Amino acid sequence: NDTYYALSSAVAGIIKAGGIAVIVGGSHDLTYANYLGYEKLEQVVNLVTVDSKFDIGDAEEGISESKYLHKIILHQPNILFNYSNLGFQSHHVQHKEVDLMKKMYFDVYRLGEVQSNLEQAEPVVRNADIVSLDLSSIRSSDLPRNISQEPNGFYGEQTCAIARYAGLSDKLTSFGLYNYADGDIRSDKLCAQILWYFLLGVDNRKGDYPFADKESYLKYTVSIQEGAYEVIFYKSHLSDRWWMEVPYPSKKGAKYQRHFMVPCHYEDYQIACGDEIPDRWWQTFQKLG
């Protein structure tokens, strides 16, 4: 409890001062402490974990390294708008857990999905306030000090690319590397390189979210299903990145205003042009509605 309190206070202080909190080491349940830092800031957030499992646990259970997500989901006051997982492995996850994620309109992506098209992970990470990377998600051939000794997982260069995406996100304010175990030169170097690519991303931020000047964007309006839905896209002149605007109910007040502009990919625009509603748009619409 002392560790959770100290970490959440440190995260809140760093972000309030305009910095980015970077957490290295400790078990993955410290993601919960990271999350609690935003409660102190009264800020609704999006969380992305890079992990081979969801680490949900049961409501009746306490918190542990592999069972902490239920504490975040059930925590009151609820400041979690969206949760996303990158890289879960089917043999580690029960069907009921995947069904639960879908019912809550959360985004979860199998390892094979992400590896086959790594660029699709960029909008997911760009939408995050918190990125929590469990180093056990990296295959042990690339990270010999993988505490779970997983034979499958992300390659080192893929993890570095995800870290760079995280750094590039103007929205992201905390980044954590968990289950770090030093003592192996190759593992230490990979962790250092992950952090280097994160900082490279931060150094190359474009400042195009949230919107500062609408003249910096191209606006596309797509009518879907004979006018039943209208999806508005924005493409940044600064970075060529895309966003979708989701209708925001005025009754919600200001609580969720940071989340109605949804990062997306050019493929989402193509899907809309094909008279289909992009999944990212629909899931956000359900949460805001």
**Prompt:** Identify, please: which residue in segment 186-198 is open to solvent by 30 Å² or more (accessible area, probe 1.4 Å) and of a type outside the set (Ser, Thr, Tyr) and is, among those, nearest to the chain's Cα centre (by Cα)?
**Reply:** 195
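Residues to consider are 33, 121; find the one that is among the small types (Gly, Ala, Ser) and farther than 22 Å from residue 146 by Cβ.
33
Here is a yes/no grid of residues against (1) of a type in the set (S, T, N, Q); (2) touching a residue at least 12 places away in the same chain (Cβ under 8 Å):
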residue: 94; (1), (2): yes, no
residue: 111; (1), (2): no, yes
residue: 120; (1), (2): yes, yes
residue: 130; (1), (2): no, yes
residue: 182; (1), (2): no, yes
**Request:** Please go through segment 209-228 and pick out each residue that is buried (at least 17 other Cβ atoms within 10 Å of the Cβ) and modelled with pLDDT of 85 or more.
**Result:** 217, 222, 224
**Message:** Among the listed residues 151, 144, identify the single one that is touching a residue at least 40 places away in the same chain (Cβ under 8 Å), farther than 17 Å from residue 202 by Cα and of a type outside the set (Gly, Ala, Ser).
**Reply:** 144
**Asked** In the list 167, 183, 201, 176, which residue meets the criterion of being open to solvent by 30 Å² or more (accessible area, probe 1.4 Å) and either modelled with pLDDT of 95 or more or out of contact with any Pro (no Cβ under 9 Å at 6 or more places or on another chain) (or both)?
**Response** 183
**Item:** Some residue of segment 18-40 being touching a helix residue (DSSP H, G or I) at 6+ places or on another chain (Cβ under 6 Å) and open to solvent by 50 Å² or more (accessible area, probe 1.4 Å)
**Value:** yes
**Message:** Looking at (1) at positive phi; (2) touching a Ser or Thr at 6+ places or on another chain (Cβ under 9 Å); (3) surrounded by fewer than 18 Cβ atoms within 10 Å (Cβ to Cβ), which one does residue 55 not meet, given that it meets all the others?
**Reply:** (3)
**Message:** Exactly one condition in (1) open to solvent by less than 20 Å² (accessible area, probe 1.4 Å); (2) of a type in the set (Val, Ile, Thr); (3) over 25 Å from residue 114 (Cα atoms) is false for residue 63; which is it?
**Reply:** (1)
**Request:** Find the residue count for segment 1-38, including only residues that are acidic (Asp, Glu) and within 12 Å of residue 130 (Cβ to Cβ).
**Result:** 0
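Which residues, taken from segment 112-144, are open to solvent by 20 Å² or more (accessible area, probe 1.4 Å) and within 15 Å of the chain's Cα centre (by Cα)?
118, 119, 120, 122, 127
The values are calculated or read from the model by the stated rules, or taken from the named source; none is laboratory data. The model shown is predicted, which means the values in this text are computed figures rather than measured ones. As a convention, Cβ positions derive from the backbone with ideal geometry for all residues, glycine included, and neighbour counts pool all protein chains shown. With ligands, DNA and RNA removed, areas are computed over all heavy atoms of the protein, side chains included. Shrake-Rupley method; radii C 1.70, N 1.55, O 1.52, S 1.80 Å.
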